[in-house]
1. Looking at region 201-224, which of the residues that are without any contact (Cβ under 8 Å) to a residue 60 or more places away in the chain and touching a Ser or Thr at 6+ places or on another chain (Cβ under 9 Å) is surrounded by the fewest Cβ atoms within 10 Å (Cβ to Cβ)?
2. Out of (1) over 30 Å from Tyr264 (Cβ atoms); (2) at pLDDT below 85; (3) of a type in the set (A, V, I, L, M, F, W, C), the odd one out for Phe158 is which?
3. Quick check on my filter: what residues within region 1-42 are small (Gly, Ala, Ser), part of a helix (DSSP H, G or I), closer than 22 Å to Ala171 by Cβ and out of contact with any Leu (no Cβ under 7 Å at 6 or more places or on another chain)?
4. Using the structure shown, decide if Ala208 is part of a helix (DSSP H, G or I), under 17 Å from Thr184 (Cα atoms) and modelled with pLDDT under 90.
5. Which of the helices (runs of 4 or more DSSP H) found entirely inside region 90-178 contain at least 1 residues meeting this: over 22 Å from Tyr59 (Cα atoms) and without any contact (Cβ under 8 Å) to a residue 40 or more places away in the chain?
Amino acid sequence: MGFKGILNVVKNSRWYSSDMTVFSCLVCFLYALEYGGSVVNGIIAFVGILFAHMATNLYDDYSDYGVLSQNPRASEFAPDVKCDYLRKNFASTKDLLFVIFLYCLIALETGIVLFFLTGVPVIWLALAGGAIVLLYPVFSRVGLSEAAVGIAFGPLLFEGMYYVMTGSFSAGVMILGLSVVMFTIGVMYVHTLLDYEGDRAAGKYTLALRLNDKERAYKAFWVIYISGYCFLIIFSILEKNYFCLAGLFSFPFVLTLYKALRGYNSPENYMRDEAYLRVLKSSARVMAFFAFLVAVGLFFNLLVKFYLTEPIVI
């Protein structure tokens, strides 16, 4: 274990995927402020959630590398960037485990602080999050990674952050979380569609492969994204917050993403070429744009409540 190896692991934590955490937390943060949520508690929770997310990314690498390093056919279906820093000896598994431990320690420490600030429910939320971190590679191998992410970035993240900010749980934040998390699941699902041929060759069991037909898998794309819009409409009606319907303006970008996905032709040798990365990055941008529009709607609703009714106590 060495400094350079640890630094390489940190660089390869896939910080670009933090958009899912940042924008999800932003949406929940603004919603909780409307109900007198604590800004300090919200920031502490964000730090813990972010590092738990990065720990999940790295633990998934650790699990995948263990499989790839023992499979002589790995180069046929694993992209050249998968666990690249480990396969090229830029870092060792000891470096990787150390960084995973460090990230989990930071997340644990934020949980302890929030426990003293808000109470026992934080323990149960932390245990549920920790279980998903540890079991995520298992979920991934049996085609349930979308379900794991749906729980972690939906009800668990939104109810958890709302609780530490307000001291209570909320049906409204649950529906809001379901709306945003469908777009997060969409990023993962697009990824599995791009990897369809490679995953099939590798014998993986993703949700797309479990549908047993690629055309059927393409139709599931719309089920995921339309569900997100439906939850948003339900939330807006129940909360009487119609500013959030601005999220519907992301639909043309979802349509463009779908066309790009259908137009992508998987190369014979599995690799992440420019076209692959362009589609994958587009799915992440669509999620970020949708969540940003919803956040803008929540912010305007805060302004209206602040100036037209009673001041918000922060």
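1. Among those that are without any contact (Cβ under 8 Å) to a residue 60 or more places away in the chain and touching a Ser or Thr at 6+ places or on another chain (Cβ under 9 Å), it is Ala217.
2. Status for Phe158: all satisfied but (2).
3. Within region 1-42, Ala32, Gly42 qualify.
4. So Ala208 fits the description; yes.
5. 93-118, 157-166
Residues are listed down the side, and each one gets a yes or a no for (1) out of contact with any Leu (no Cβ under 9 Å at 6 or more places or on another chain); (2) over 30 Å from Tyr35 (Cα atoms):
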position	(1), (2)
Leu135	yes, yes
Val138	no, yes
Gly143	no, yes
Ala148	no, no
Val180	no, no
Val187	no, yes
Val190	no, yes
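The values are calculated or read from the model by the stated rules, or taken from the named source; none is laboratory data. Predicted model, so just to flag it, every value in this text is computed and none were measured. Note: ideal-geometry Cβ built from the backbone for every residue, glycine included; neighbour counts use all protein chains shown.
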